[in-house]
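Heads up, the thing below is written out as structure tokens.
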Amino acid sequence: MEKYRDLVTWADHLIFIFPIWWSGMPAILKGFIDRVFVAGFAYSYKKVGFEGHLQGKSAWIITTHNTPSFVLPFIQDYGKVLKNQILKICAVAPVKLTQLTNVEKISDEQRQQFLETITQTARRI
């Protein structure tokens, strides 16, 4: 895992792209985060709270859901958990969250528009 910690240290910007399954991230990504973003590297414990060690890094989280967009404010999905808890504890900021919802029911045109938005945003990084 030291190799991946070195890459995180080297990077200015982190990008996470994953599907949301049953309100969670895929197990392989969860395992990666558990092993790479560890105490002593990504953060440390203080008497009250945490001290993040990844200041100066930003992140972009891109998720796909089969959930309709109007439901998102009412669920705790792991795109939000990664942004508002995990990366926040590690002092990664700013963090942008982009979500494609209702993936099984959107049109090819809507899907293409989402991909174009991702492409244009990526070019600005």
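The values are calculated or read from the model by the stated rules, or taken from the named source; none is laboratory data. Model, not experiment: these values are computed from the prediction. Positions of Cβ are backbone-derived with ideal geometry, glycine not excepted, and every protein chain shown enters the neighbour counts.
Among the residues making up the range 65-85, those that are under 17 Å from F16 (Cα atoms) and either modelled with pLDDT of 80 or more or among the hydrophobic types (A, V, I, L, M, F, W, C) (or both) are H65, G79, K80, V81, L82, K83, N84, Q85. Against the numbered list (1) surrounded by 13 or more Cβ atoms within 10 Å (Cβ to Cβ); (2) touching a Ser or Thr at 6+ places or on another chain (Cβ under 6 Å), P94 comes up short only at (1). Each residue in the range 1-22 was checked for being exposed (fewer than 11 other Cβ atoms within 10 Å of the Cβ) and hydroxyl-bearing (S, T, Y), and 0 of them qualify.
With respect to the conditions (1) surrounded by 12 or more Cβ atoms within 10 Å (Cβ to Cβ); (2) assigned to a helix (DSSP H, G or I); (3) over 16 Å from the mean Cα position of the chain (by Cα), T121 lacks only one, and its number is (3).
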